[in-house]
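J.: Can you read through this structure? Questions will come right after.
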Amino acid sequence: MKPLEDILVVDFSQFLSGPSASLRLADLGARVIKVEKPETGDICRQLYVSNLIMNGDSSVFHAINRNKESFVADLKSEIGRNEVWELVKQADVVMHNFRPGVMERLGFDYEAVKLVNPEVVYGEISGYGDEGPWRDKPGQDLLVQSLSGLTGLSGNGDKGPVPMGIAIVDILTGAHLAQGIMACLVRKGISNVGGLVQVSMMESIVDFQFEVITTYFRDGGEPTVRSLKNNAHAYLGAPYGIYRTSNGYMAIAMASIPQLGELLNCPALLEYQEVASWFNERDQIKSILAKHLLGGTTEQWLAILEPADVWCSDVLTWEKLMQHEGFKVLDMIHEVTMGDGYRYRTTRCPIKIDGEYLLSKKGAPKLGEHTAAIIEEMLVKHTLGK
């Protein structure tokens, strides 16, 4: 039995942040009913990555909405609202990721829902919180990355700001919402008290930077200075970075510079005996190291450094990663099947409980696929007085 079995989640959210939270709840055993508007549904159904369409919807939608049910309702009509209210009354969790004020206008805000379901756990994601001048700005991943200072940490110091190449803010925020919801479900199980869980994308990505922001304050607010060469962390000294070799790339994390000089037969690195120099002169050190590493293959250098317990690794593409035995043994990719028989491969839930992975073979739902069955189920429950 999965931990969240018998938990009903009514999910109004769209795009990535909210659906990523309900995906994790579904993986943990919850029944997730996705409320979508007629005809178009979740906008993410049409949010294409590389113009890739899978069985009528975007690949992003399929990746983040597997293991859920789709319920179509027009929230502007009385019939649609009444149908959704029947769902909400039975829900353990209600969640959304609309801008502040939207759910109030729709009539499904926390205070309204709590009147009919006092023990509900209600989760909501906003872009920047309920107050302040950014309150009504679009909570979009790249925009929040850019406002948060995150883009000033990546890339070499002589280049402009560099965003992360995935929707990191959406996924982190969804994880935080799922954590808060599960904490409230524990409390509800103990004391029958629900609660309101609120997470903003800005707060999530600022929290993500706790390490460097704490350093920033300790430095007295000194500007962040990225290394000019092979930057991988704005605050760490040499050799931390990714380096080109004669046949690819390799990563080197924390290591003694003189030790690297000896192991790699690079005399120029032996001059940097003081730890302070690894920070103060990191660009010079990285330049020497980068030039030297071009003289050998990744495999040659790893064969020297790994036995000496230097933290280093190959830099893999997805193709090489998925061919590697270290990845294969994790069995991270699995196939799921939609209600119409369409199959596709995607990642599985990374959590293992009691020695078992939380697997589900259920693919993403077609728009409104479960509406009729859910309405019939609600009628039966209503008739039985449940």
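J.: Kindly provide the set of residues from the range 294-312 that are farther than 12 Å from LEU264 by Cα and surrounded by 15 or more Cβ atoms within 10 Å (Cβ to Cβ), ordered by number.
T.: THR298, CYS312
J.: Looking at GLY155, GLY221, GLY195, which one is at positive phi and either in contact with a strand residue (DSSP E or B) (Cβ under 7 Å, 6 or more places away or on another chain) or among the β-branched types (Val, Ile, Thr) (or both)?
T.: Values: GLY155 fails: either in contact with a strand residue (DSSP E or B) (Cβ under 7 Å, 6 or more places away or on another chain) or among the β-branched types (Val, Ile, Thr) (or both); GLY221 fails: either in contact with a strand residue (DSSP E or B) (Cβ under 7 Å, 6 or more places away or on another chain) or among the β-branched types (Val, Ile, Thr) (or both).
That would be GLY195, the only listed residue that is at positive phi and either in contact with a strand residue (DSSP E or B) (Cβ under 7 Å, 6 or more places away or on another chain) or among the β-branched types (Val, Ile, Thr) (or both).
J.: Tell me which residues, restricted to the range 217-257, are basic (Lys, Arg), over 15 Å from GLY155 (Cβ atoms) and in contact (Cβ under 8 Å) with a residue 60 or more places away in the chain.
T.: To start, the set of residues in the range 217-257 that are basic (Lys, Arg) comprises 218, 226, 229, 244.
Of the ones still in play, those that are also over 15 Å from GLY155 (Cβ atoms) are 218, 244.
Those that are basic (Lys, Arg), over 15 Å from GLY155 (Cβ atoms) and in contact (Cβ under 8 Å) with a residue 60 or more places away in the chain: none in the range 217-257.
J.: Taking the conditions exactly as written (surrounded by 10 or more Cβ atoms within 10 Å (Cβ to Cβ) and under 21 Å from ASN67 (Cβ atoms)), does MET322 satisfy them or not? Quick ask: steps written out before the conclusion?
T.: Details: surrounded by 10 or more Cβ atoms within 10 Å (Cβ to Cβ): yes; under 21 Å from ASN67 (Cβ atoms): no.
Against the criterion (surrounded by 10 or more Cβ atoms within 10 Å (Cβ to Cβ) and under 21 Å from ASN67 (Cβ atoms)), MET322 does not qualify.
J.: Residues of the range 356-386 being part of a loop (DSSP other than H, G, I, E, B) and either surrounded by 11 or more Cβ atoms within 10 Å (Cβ to Cβ) or within 24 Å of the chain's Cα centre (by Cα) (or both), which ones? Can you show your working first?
T.: Going residue by residue through the range 356-386, those that are part of a loop (DSSP other than H, G, I, E, B) are 358-361, 363-370, 385-386.
Across the range 356-386, the qualifying residues are LEU358, LEU359, SER360, LYS361, GLY363, ALA364, PRO365, LYS366, LEU367, GLY368, GLU369, HIS370.
J.: Among the listed residues LEU4, LEU87, LEU25, identify the single one that is part of a helix (DSSP H, G or I), surrounded by 21 or more Cβ atoms within 10 Å (Cβ to Cβ) and of a type in the set (A, V, I, L, M). Break it down stepwise before answering.
T.: Values: LEU4 fails: part of a helix (DSSP H, G or I); LEU87 fails: surrounded by 21 or more Cβ atoms within 10 Å (Cβ to Cβ).
Of LEU4, LEU87, LEU25, the one residue that is part of a helix (DSSP H, G or I), surrounded by 21 or more Cβ atoms within 10 Å (Cβ to Cβ) and of a type in the set (A, V, I, L, M) is LEU25.
J.: With respect to SER13, determine if the residue is under 23 Å from GLN198 (Cα atoms), in contact (Cβ under 8 Å) with a residue 12 or more places away in the chain and touching a His at 6+ places or on another chain (Cβ under 9 Å).
T.: Working: under 23 Å from GLN198 (Cα atoms): yes; in contact (Cβ under 8 Å) with a residue 12 or more places away in the chain: yes; touching a His at 6+ places or on another chain (Cβ under 9 Å): yes.
In short, yes.
Listed here are the residues, each with its yes/no results for (1) among the aliphatic types (A, V, I, L, M); (2) modelled with pLDDT under 95; (3) in contact with a Phe, Trp or Tyr (Cβ under 7 Å, 6 or more places away or on another chain).
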{"residue": "SER17", "(1), (2), (3)": "no, no, no"}
{"residue": "ALA21", "(1), (2), (3)": "yes, no, no"}
{"residue": "ARG31", "(1), (2), (3)": "no, no, no"}
{"residue": "ASN55", "(1), (2), (3)": "no, no, yes"}
{"residue": "PHE61", "(1), (2), (3)": "no, no, no"}
{"residue": "ALA91", "(1), (2), (3)": "yes, no, no"}
{"residue": "ARG105", "(1), (2), (3)": "no, no, no"}
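J.: For ASP170, all conditions in the list (1) acidic (Asp, Glu); (2) under 18 Å from the mean Cα position of the chain (by Cα); (3) part of a loop (DSSP other than H, G, I, E, B) hold save one; what is the number of the exception?
T.: Only one criterion is unmet by ASP170, namely (3).
J.: To continue, here is another question. With respect to ALA290, determine if the residue is within 26 Å of ASP219 (Cβ to Cβ) and either touching a Phe, Trp or Tyr at 6+ places or on another chain (Cβ under 9 Å) or aliphatic (A, V, I, L, M) (or both).
T.: Values: within 26 Å of ASP219 (Cβ to Cβ): no; either touching a Phe, Trp or Tyr at 6+ places or on another chain (Cβ under 9 Å) or aliphatic (A, V, I, L, M) (or both): yes.
It is false that ALA290 is within 26 Å of ASP219 (Cβ to Cβ) and either touching a Phe, Trp or Tyr at 6+ places or on another chain (Cβ under 9 Å) or aliphatic (A, V, I, L, M) (or both).
J.: For the range 331-360, what are the residues that are among the small types (Gly, Ala, Ser) and either in contact (Cβ under 8 Å) with a residue 12 or more places away in the chain or in contact with a Leu (Cβ under 9 Å, 6 or more places away or on another chain) (or both)? Don't jump to the end; show me each part of the working.
T.: Applying the first criterion (among the small types (Gly, Ala, Ser)) to the range 331-360 yields 339, 341, 355, 360.
Scanning the range 331-360 gives GLY339, SER360.
J.: Can you name the number of the only condition in (1) out of contact with any Pro (no Cβ under 6 Å at 6 or more places or on another chain); (2) of a type outside the set (S, T, N, Q); (3) crowded, with 22+ Cβ neighbours inside 10 Å that ALA63 fails?
T.: All conditions are met except number (3).
J.: Working only within the range 175-229, note down all residues that are among the charged types (D, E, K, R) and outside any loop (DSSP other than H, G, I, E, B). Even if it seems obvious, please write down each step before you answer.
T.: First pass over the range 175-229, keeping only residues among the charged types (D, E, K, R): 187-188, 203, 207, 211, 218-219, 222, 226, 229.
Correct list: ARG187, LYS188, GLU203, ASP207, GLU211, ARG218.
J.: Give just the number: which of (1) part of a helix (DSSP H, G or I); (2) over 34 Å from the mean Cα position of the chain (by Cα); (3) surrounded by 14 or more Cβ atoms within 10 Å (Cβ to Cβ) does LYS286 not satisfy?
T.: Of (1) part of a helix (DSSP H, G or I); (2) over 34 Å from the mean Cα position of the chain (by Cα); (3) surrounded by 14 or more Cβ atoms within 10 Å (Cβ to Cβ), only one is false for LYS286: (2).
J.: Still on this structure: Could you check SER277 against (1) in contact with a Pro (Cβ under 6 Å, 6 or more places away or on another chain); (2) surrounded by fewer than 20 Cβ atoms within 10 Å (Cβ to Cβ) and say which number it fails?
T.: So the condition that SER277 fails would be (1).
J.: Out of LEU264, LEU236, I need the residue that is surrounded by 15 or more Cβ atoms within 10 Å (Cβ to Cβ), of a type outside the set (Lys, Arg), in contact with a His (Cβ under 9 Å, 6 or more places away or on another chain) and under 22 Å from LEU302 (Cβ atoms). Which one?
T.: On the way: LEU236 fails: in contact with a His (Cβ under 9 Å, 6 or more places away or on another chain).
Every option except LEU264 fails the conditions.
J.: Go through the range 19-44 and give me each residue that's more than 16 Å from ASN97 (Cα to Cα) and basic (Lys, Arg). Write out each step before concluding.
T.: Taking the range 19-44 first, the residues more than 16 Å from ASN97 (Cα to Cα) are 26-31, 38-40.
If the condition is that a residue be more than 16 Å from ASN97 (Cα to Cα) and basic (Lys, Arg), then ARG31 is the only one that fits.
J.: Spot the failing condition for GLU104; the list is (1) surrounded by 16 or more Cβ atoms within 10 Å (Cβ to Cβ); (2) assigned to a helix (DSSP H, G or I), and only one is missed.
T.: Among (1) surrounded by 16 or more Cβ atoms within 10 Å (Cβ to Cβ); (2) assigned to a helix (DSSP H, G or I), GLU104 violates only (1).
J.: Okay, moving on. Looking at GLN259, GLN198, GLN209, which is the one that is modelled with pLDDT of 95 or more, under 30 Å from ASN117 (Cβ atoms) and polar (S, T, N, Q)? Step through it out loud before you land on a result.
T.: Values: GLN259 fails: under 30 Å from ASN117 (Cβ atoms); GLN209 fails: under 30 Å from ASN117 (Cβ atoms).
The match here is GLN198.
The values are calculated or read from the model by the stated rules, or taken from the named source; none is laboratory data. Note that the structure is predicted; figures quoted are calculated from it, not measured. As a convention, Cβ positions derive from the backbone with ideal geometry for all residues, glycine included, and neighbour counts pool all protein chains shown.
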